[in-house]
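Reviewing the structure listed below.
The values are calculated or read from the model by the stated rules, or taken from the named source; none is laboratory data. Note that this is a predicted model, so its numbers are computed, not measured. Heads up, the Cβs are rebuilt from the backbone with ideal geometry, glycines too, and the neighbour counts pull from every protein chain shown. Calculation scope for accessible area: heavy atoms of the full protein, side chains included, ligands and nucleic acids excluded. Shrake-Rupley method; radii C 1.70, N 1.55, O 1.52, S 1.80 Å.
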Amino acid sequence: MKDCATCDKKTVSGSPFGIVIRCVVIAAVLALVIFRCTTLRYENVRTSDVIPPEETTADLGDGDEVVQSLYIDEGESKLYGVALLFADKNINPVGTVHVKVLCDGETVGQWTSQGQYIRTSECEYYRFDKPCETSGHKFEVHITFEGFGDLKPFVMRTGTSDKNEYATVNGIRSSGPLCYMNIYDQVPMWKMAVVPALIFAAFLAWQCLWHLVIKKKFKACQDGDFIAVYAALVLLYFVFVPLHSISDEGYHFLRVYTIAHGDVIADVSLNGEGGAEVPAAVAQFADESYRNLFHNGKRAYDEPLKQLVIQGDEKVPYGFSNTAINMPLMYLPSVIGVGISDLFTNRPYVMAYCGRFCNMIAVALIVLLAIRITPSGKGFFKFTALLPMMMQQTVSLAPDAFITALIMLYLALILKVRFDLEGELKTKHYVSLYILTIVIVLCKMVYAPVCLLLFLVPPEKFGKRSRYYLAIGVFAMSIIAAAMSWMMVISQYNMKFYRSDSSMQLHYIIDNPLKAAGIFGDYILDAGRYMTELTGGDIGYMNIPIPSFVALVFFIIAALWCRRMDMLPKGKDYGKRIIPVVIVVLVYMLIGLSEYMSWTKVGASAIFGVSGRYFLPVLPVLMFAMTGIKRDGDTPLGFREKTTFASVIMNLMAIVSFWIYTVF
C-alpha cells in the first residue's frame, strides 16, 4: 500500500489550489442551503401542537360548512394564520374549497383552493396578510365546498383535545375538534441561517483536525480518510434525526422493547393481530410518535416523551401488527441497547436512544468491516454507505440498515473467498458463510435470493466435486427450513393491513391474471421511481423533502463507479455476472409480490406500500449486475476524494433538511 505522503502528492485536492477549490464549492453550496432555509414559505413557522387525527366522519361536498373555534394557547399574543388537515376519498375531486377565518365575526383572511390540489397527507397552510392580536378576541375557521356536483369527495377528520371545542358540520356538533394548528410566529431568519452554517462548520472542523493532526499522527491513509468522513456524518445524523421521524419507528420500538423483555414471539390478540402487553408509558410513547406526523415532517416537541416513566407492573395490550411479524434477529443491536438501558433507566425516551445508538454502532462497524475486507467493489460499498437513506436508517430503530450491512458483509466474504483464498475452504469459511446465510433469510425472506451469491464461489474452492454439491445441498435445505419455520410462526397472525387480504388477493390473481400481470408490468416500469427515492427522494417519514438534484448527483457518482469497474479487464468467468442480475430481479419481484399480497387492497390498480429503502440491501449487487464482478484495480486517490466529497455535500444538505422539518 502506498504511504500517505505519496498519496497526498498525487492528488490535486491536497494542493493549495485544490483546497481553495473545495472551500469555494463548500461556500457556494452553503450559500444555496441558507438561501433555501430563509425563503421557505411554511417550514419556518412556529405553530401550536397538531390535534392528532383519530377518525373520519361526515361526508362533505356542495352546500356543507364546517366551523371550528380556534383555541389560542396561553401567552400567545398574535395569530399569523391557521393550518388544516384535510381528508378525501382518493378521487381527485374537481371543485373549489373556500376557507376563511373570522375574528369576532369579521373576516380577517379568506382563501380559495382547487379541490384536486388539496393536500391530505400533510397540512394546508393559510396565512394572514398581517398578524392579528389575540387578547380578548374569538377566532373561528369556516370551510365550505362548491362545484363538486353530486359528489361528496371530502370527509371530516377529527381528533381528541382537552382544550378545543368540537367542530360543527352544518350547525350540528361533530365527534370532536377539527385537526388544525394555529400559526403563531415566524422563525427568526438568523436561526434559519446560523444552524446550517454550524452543521457545515462542525464537519469542516473535524476534517481539518483529522487531516492536520490525527491522520499524520497515526499515519492513516485511504481507509482512514473514509472512516473519518463516515463517522462524522453518522454522528451528525444521530444528533439531527429526532425520535419518531423515521417510518414506523414507534412500532419498531415496541417490537424491540418486547423482545428485550422476553417476548421473542409476539402475542396474538383476540382479532389475530400481533402485539404484546406493555407498560402504559411504553404504549403512550408509541402513541406520541404520530402526534405531528402530518405537520410536514415536524415533530411534536420532546417534553411529553421525556416525561414518560415506566411505573409498577401494570401493563396494557398494544397491537403492532406490521412489526410483530418481523424476525427478532433483525433487531439484535437495538435489543441489546434497550436491554442495557434497563439497568439504569425506566424512561422509554432514553431506552429508544440507547437502542438507536447500539444499532448505529453495529451497522457502522459491519459496513466498515465489509469495505475493509472486500477485494472487489469497494466503491460500490462506500456509495451505498453514504446515501442519505442509508444514513437515516443507520441512526434509527428500523432494521433496514442492519440488514443492508449484513448483506454487504456477506457479499464481501464471498468476494474475498473468490479472489483471495488460496486453496480450499476452511471450517471458518463454512461457518461464517452458513451463519450469515441463515441470518439473512431469517431477517427478511424477500432477500433470500441474495444467498445465490454462494454460486460466485468457484467449485474448486470446495475441493472434491461431491463436497461442492453437498455444501450447496446443505445450504439450500437450511435456507428452506429457516424460511418455512418462520412462515409457520407468522401464519398465526392476522396480516390484513389497510384493507388488504392475502387469501382474497390470491383468488383475485387467479381469477384476473391479465389485470394482475398489468399491475406487475406497471410495477416493473416504476423501477426508476424507486431508485430515485432510494438515492435522493423524500427522507424521514417520506415527508422531508431534499433538493431533487441530490438524486441526480448520486446517479452520476454511481455511474462513475460503475464505469471504473467496467473498464477493468474481464476475467475468464466474467459470465457469472448473470448471478447478481438474477438476484436483483428476484428480490425486486418478491418485494412487489409481498407488498401486493399483504399491503394492497384487493382489486387495486397499483401495488401499495413499496418504498425505495427496501432496495438498499441489494444496491451493491445491482451495481455488480451492471458491471460484472472483477477484482478492484488501482483507483486514483483524486477520483475517490471527489466522489466522497460530492457525497458528503449531499449528506450535509440532507441533514439541514432534517433540521428544517423536525425542529420548527
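Quick notes
- Solvent exposure of the chain as accessible area per residue, Å², 1.4 Å probe: 45
- Cα convex hull of the stretch 41-144, projected area averaged across orientations, nm²: 7.3
- Cross-link partners for K89 among the lysines, with Cα-Cα distance under 16 Å and sequence neighbours closer than 8 places in the same chain left out: K152, K601.
- Only alpha carbons enter this Debye calculation for the stretch 407-534, each as an equal point scatterer, and the log10 of I(q)/I(0) it gives at q = 0.13, 0.19 Å⁻¹ is -0.77, -1.09.
- Just so you know, the Cα atoms of the stretch 361-407 work out to an Rg and Dmax of 10.0, 31 Å.
- Separation of the K601 and A31 label points, Cα + 7 Å toward Cβ, nm: 5.0
- Projected onto planes of every orientation and averaged, the convex hull of the alpha-carbon atoms in the stretch 339-460 covers 8.7 nm².
- Cβ crowding within 10 Å averaged over residues, with 622-632, 196-206, 245-255 ranked highest first: 245-255, 622-632, 196-206
- Theoretical FRET efficiency, 1/(1+(r/R0)^6), r = Cβ-Cβ of W190 and R631, R0 60 Å, to 0.05: 0.70
- Packing rank of 304-316, 230-242, where each peptide gets the mean count of other beta carbons within 10 Å, highest leading: 230-242, 304-316
- Dmax and Rg, reported as Rg then Dmax, of the stretch 316-387 (C-alpha, Å): 16.0, 52
- Here the contact order of the chain, divided by its residue count and restricted to Cα pairs under 8 Å and six or more residues apart, works out to 15 percent.
- In this calculation the C-beta distance from T38 to E303 is compared with R0 = 30 Å, giving a FRET efficiency of 0.60.
- By the Cα gyration tensor, the stretch 109-268 has an equivalent ellipsoid whose semi-axes, rounded to whole angstrom, run 48, 27, 16 from largest to smallest.
- Simple spin-label estimate for E165 and R563 in nanometres, 7 Å along Cα-Cβ: 6.6
- Residue by residue, the stretch 171-180 carries 3J(HN,Hα) couplings of x, 9, 4, 8, 7, x, x, 5, 6, 8 Hz when phi is fed to the Karplus relation 6.51 cos²θ - 1.76 cosθ + 1.60 (θ = phi - 60°); x denotes Gly or Pro.
- Once both labels are positioned 7 Å from their Cα atoms along Cα-to-Cβ, the gap between L452 and L204 label points is 4.8 nm.
- Global size of the stretch 549-607: 17.5, 50 Å for Rg and Dmax (C-alpha atoms, Rg to one decimal, Dmax whole).
- For the pair T345 and Y434, the difference between a 0.36 nm per residue extended length and the Cα-Cα distance amounts to 28.3 nm.
- Using a Förster distance of 30 Å, the FRET efficiency for K89-F128 (Cβ separation, nearest 0.05): 0.50
- Amide hydrogen proximity for V45: with H placed 1.01 Å from N in the peptide plane, the residues at 5 or more positions away or on another chain lying under 5 Å are V187.
- P(r) histogram, all alpha-carbon pairs of the stretch 501-566 included - 5 Å bins from 0, percent: 4, 14, 14, 14, 13, 12, 11, 9, 7, 1
- Contour minus Cα-Cα distance for S503 and K426 (0.36 nm per residue): 23.1 nm
- Kirkwood-based shape ratio for the stretch 182-242, expressed as Rg/Rh from alpha carbons: 1.19
- Heavy-atom accessible surface of the chain: percent carbon and sulfur, 1.4 Å: 62
- Alpha carbon convex hull of the stretch 138-178, volume per residue in cubic angstrom: 83
- Ranked by how many other beta carbons lie within 10 Å on average, peptides 439-450, 75-86 from highest: 439-450, 75-86
- All lysines inside 20 Å of K642 as judged from Cα atoms, apart from same-chain residues fewer than 8 positions distant: K2, K9, K10, K215, K378, K382
- Gained length - F549 relative to A483, 0.36 nm times residue gap less alpha-carbon distance: 19.8 nm
- In the chain, inverting the average of 1/r over every pair of distinct C-alpha atoms gives 27.4 Å as the Kirkwood radius.
- Helical runs assigned H by DSSP (4 residues or longer) give the chain a calculated mean residue ellipticity at 222 nm of -16000 deg cm²/dmol, each run adding -39500 (n - 2.57) before division by the residue total.
- The Cα atoms of the stretch 562-664 cover 50, 43, 17 Å along the three principal axes, with the biggest extent listed first.
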